[in-house]
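Everything on this sheet refers to the single structure shown next.
Any read-out appearing in this document is the output of simple, stated calculations on the displayed coordinates, not a laboratory observation. Just so we're clear, the structure is a prediction, and the values are computed from it rather than from any experiment. Positions of Cβ are backbone-derived with ideal geometry, glycine not excepted, and every protein chain shown enters the neighbour counts.
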Amino acid sequence: MDWSPIWVSMKTAFAAICITFFLGVFAAWAVVRMKNGRSRAIWDGILTMPLVLPPTVAGFFLLYLLGVKRPVGRFFIEQFGVKIAFSWGAAVIAAVVISFPLMYRSARGAFEQVEPNLIFVARTLGMSEWTIFWKVLLPNALPGVVSGGVLAFARGMGEFGATAMVAGNIAGKTRTLPLAVYSAVAAGDMDSAHRYVLVIVVISFAVVVFMNAVSGRKKTKGKGCGK
């Protein structure tokens, strides 16, 4: 049994969450601060779109942008000698695109639940919006933001359709755990498929336990403040 898909999945998911976490948090902050309801709804729809699109469709758009004969893909090849499509970088990009909406929506929901009076008081004290974000908004929304990050990490590890479209199924390079399960079943190697599935189930269970622990801690703090 080839264990490289576990390593590929882990490093892909970690690289993706490092990007998705910051993009999702700051995108959520920007949308929450919007005063125009129509603009807010439009941007929210755009940022959430990958969540409702079939992963293969999202992968098709990525392949259309990053393919070797497309402007973006050709630019990177000509300027930097880097081929993005069907590389590990493409797997990371696919994981970022698919997991981003979960991070964004979790962060946005957490920000919207922060007591508005805290922000109002901070502004009356003369704090800048940047200072308010780091010292008031983010600390109070942190449990929800962390939960979103964990969920996005798990989604990045479980990505299949977009990864297959734009990164391919290259053993030891872009073959993640879901792709390994597919390949093992296609080859009739059910023992390896069972092992891969077991690893995925264990990781998924650990994610759920961690999210419940974070959620429980948030509720406990909320009750303490209420008293």
Whose amide H sits under 5 Å from the amide H of Ile84, counting only residues 5 or more places off or on another chain, with H placed in the peptide plane? none
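Kirkwood Rh over Cα pairs of the range 1-84 into Stokes-Einstein at 37 °C, 0.692 mPa s: D in µm²/s? Walk me through the numbers before you get to the answer.
Details: Rh = 15.8 Å.
Answer, rounded: 208 µm²/s.
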Farthest toward the dipole's positive end in the chain, which of Gly172, Met103, Gly156, given Cβ charges of +1 (Lys, Arg) and -1 (Asp, Glu) about the Cα centre? Met103
For the chain, built as a Gaussian network whose Cα springs stay under 10 Å, the top-fluctuating residue of Phe111, Phe100, Phe133: Phe133
If one compares the long axis through the Cα atoms of helix 4-33 with the longest principal axis of the Cα atoms of the chain, the angle in degrees, nearest 10, works out at 30 degrees
Would you mind computing the Rg to Rh ratio of the range 101-177 from its alpha-carbon coordinates, Kirkwood style for Rh? 1.24
If you bin every alpha carbon distance in the chain into 5 Å steps from zero, what whole percent lands in each bin? 1, 7, 12, 15, 16, 14, 12, 9, 6, 4, 2, 1, 0, 0
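Percent relative contact order of the chain, based on C-alpha pairs within less than 8 angstrom and at least six residues apart? List each step's numbers first, then the result.
On the way: 284 pairs, mean separation 66.2, N = 227.
Answer for the chain is 29 percent.
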Sort Met1, Met103, Met127, Met165 by Cβ crowding within 10 Å, fewest neighbours at the top. Met1, Met127, Met165, Met103
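Translational diffusion coefficient, Stokes-Einstein: compute it for the range 85-217 using the Kirkwood radius over C-alpha pairs as Rh, at 37 °C and 0.692 mPa s, and state it as an integer in µm² s⁻¹.
Values: Rh = 17.1 Å.
Here the translational diffusion coefficient equals 192 µm²/s.
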